[in-house]
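Q: My structure is below; once you've seen it, I'll send some questions.
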């Protein structure tokens, strides 16, 4: 009887260790999840939260005409893309912060620099048939701040959307349940390596659940 109890205790500890997340769940105290969204990719296809459900997503915000940190961020994102190219469980969502200039055609041209498969590396803006560029900008920025927690701590109180501007070097890692699992400096090679390792950790985590 004692032996059986000891075995059950050991089994519980081992099983718990196997199923416990290896990466933190950020905002889990508030049960934080990504909000529903609807954007348009470089092919003009509408992408919603339903399309990314169950997928591990790496999220960034950039603009195609950027001469500062964005080129470095996307050179490093290309490393992430190549590490998981063809893996249907890993997606990259690159959102524009400048929808007035970054039209679908502009994002398509930009994506060709990286030979990006639009089914895996999506360059996202809004639906210009339904919304103005300012409305699209607000949709994109709200997702950045309140879902992906990019620039969540910047002070934008009283700033109108036409003057608002997000220029953040961080990627956000989101798991298949829509939970934020990490932030990474997209200009830092070491952090990009850590991101690739953490994606592999999430892939293993999903297989064990």
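Q: Just to be sure before I move on: is residue 125 crowded, with 21+ Cβ neighbours inside 10 Å and either at pLDDT 95 or above or over 12 Å from the mean Cα position of the chain (by Cα) (or both) in the structure I sent?
A: yes
Q: Moving to a separate point now. Within segment 51-77, which residues are assigned to a helix (DSSP H, G or I), buried (at least 17 other Cβ atoms within 10 Å of the Cβ) and touching a residue at least 12 places away in the same chain (Cβ under 8 Å)?
A: Across segment 51-77, the qualifying residues are 52, 73, 74, 76, 77.
Q: Could you please give the count of residues in segment 35-64 that are within 14 Å of residue 139 (Cα to Cα) and within 10 Å of the chain's Cα centre (by Cα)?
A: 1
Conditions (1) more than 16 Å from residue 199 (Cβ to Cβ); (2) assigned to a strand (DSSP E or B); (3) out of contact with any strand residue (DSSP E or B) (no Cβ under 9 Å at 6 or more places or on another chain), marked per residue:
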site	(1), (2), (3)
79	no, no, yes
82	no, no, yes
107	yes, no, no
117	yes, no, yes
136	yes, no, no
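Q: Answer yes if at least one residue in segment 19-36 is assigned to a helix (DSSP H, G or I), modelled with pLDDT under 95 and farther than 25 Å from residue 146 by Cα, and no otherwise.
A: yes
Q: Would you mind stating whether residue 48 is in contact with a helix residue (DSSP H, G or I) (Cβ under 8 Å, 6 or more places away or on another chain) and either without any contact (Cβ under 8 Å) to a residue 24 or more places away in the chain or within 13 Å of residue 126 (Cβ to Cβ) (or both)?
A: no
Q: Out of (1) assigned to a helix (DSSP H, G or I); (2) at pLDDT 95 or above; (3) over 16 Å from the mean Cα position of the chain (by Cα), the odd one out for residue 12 is which?
A: (2)
Q: Which of (1) within 19 Å of residue 42 (Cα to Cα); (2) touching a residue at least 12 places away in the same chain (Cβ under 8 Å) is the odd one out, the single condition residue 148 does not satisfy?
A: (1)
The values are calculated or read from the model by the stated rules, or taken from the named source; none is laboratory data. Just so you know, these numbers come straight off a predicted model, no measurement behind them. FYI the Cβ positions are ideal-geometry reconstructions off the backbone, even for glycines, and counts take in every protein chain you see.
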